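The values are calculated or read from the model by the stated rules, or taken from the named source; none is laboratory data. Computed from a prediction, not measured in an experiment: that's the story for all the values here. Here the Cβ is made from the backbone with ideal geometry for all residues, glycine too, and neighbour counts use every protein chain on show.
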């Protein structure tokens, strides 16, 4: 297995409108086969349109959201991270997007397609047939309370792309 960590700066937007998707958020999403402006991956492999995302800043992931919005924040936060498709992928390889620790209820999209809503962690999503040349992860988080007196939570552990070989 080969692991690619998706750390570094993520963009965030405070009180962003809910990300809407053409698919249900059940974690077992099937592609609807459409391409273009509806939010699915473009047929040329490029990242889908921006959906008017206006970032308020950057946050280092893994990280606690209170570092950018304060411990008293309550509301919606949209996180976004772009990344390229790894090279050297074999036809038999399987690719998984893994979140070790993330706020339950987080809605996760890849290239405009819903991967699901987090009910527990760690959580992983099979993205073998969902990656393009350029990719975008969108997370919609709802903060209703702090985890404790020092933390709102967020993505406080590793996010990674796992490449699993069949052999």
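Residues in segment 117-124: is at least one within 10 Å of the chain's Cα centre (by Cα), modelled with pLDDT of 95 or more and under 18 Å from residue 157 (Cβ atoms)? No: segment 117-124 contains no residue that is within 10 Å of the chain's Cα centre (by Cα), modelled with pLDDT of 95 or more and under 18 Å from residue 157 (Cβ atoms).
Could you check segment 101-116 and list, in sequence order, the residues that are in contact (Cβ under 8 Å) with a residue 60 or more places away in the chain and in a strand (DSSP E or B)?
107, 109, 113, 114, 115, 116
Any residue at all in segment 117-130 that's closer than 20 Å to residue 75 by Cα and either in a strand (DSSP E or B) or touching a strand residue (DSSP E or B) at 6+ places or on another chain (Cβ under 7 Å) (or both)?
Looking through segment 117-130, at least one residue is closer than 20 Å to residue 75 by Cα and either in a strand (DSSP E or B) or touching a strand residue (DSSP E or B) at 6+ places or on another chain (Cβ under 7 Å) (or both).
In segment 62-99, the residue that is surrounded by the fewest Cβ atoms within 10 Å (Cβ to Cβ) out of those that are on the phi > 0 side of the Ramachandran plot and free of Cβ contacts under 8 Å to residues at least 24 places away in the same chain is 88.
Within segment 148-165, track down each residue that is in a loop (DSSP other than H, G, I, E, B) and in contact with a helix residue (DSSP H, G or I) (Cβ under 9 Å, 6 or more places away or on another chain). Spell out how you get there, then give the answer.
Filtering segment 148-165 for residues in a loop (DSSP other than H, G, I, E, B) gives 149-150, 152-153, 156-158, 165.
Answer for segment 148-165, where residues must be in a loop (DSSP other than H, G, I, E, B) and in contact with a helix residue (DSSP H, G or I) (Cβ under 9 Å, 6 or more places away or on another chain): 150, 152, 153.
When segment 131-147 is filtered for residues that are crowded, with 16+ Cβ neighbours inside 10 Å and either in contact with a strand residue (DSSP E or B) (Cβ under 6 Å, 6 or more places away or on another chain) or assigned to a strand (DSSP E or B) (or both), the ones remaining, listed by number, are 134, 135, 136, 137, 138, 139, 140, 141, 143.
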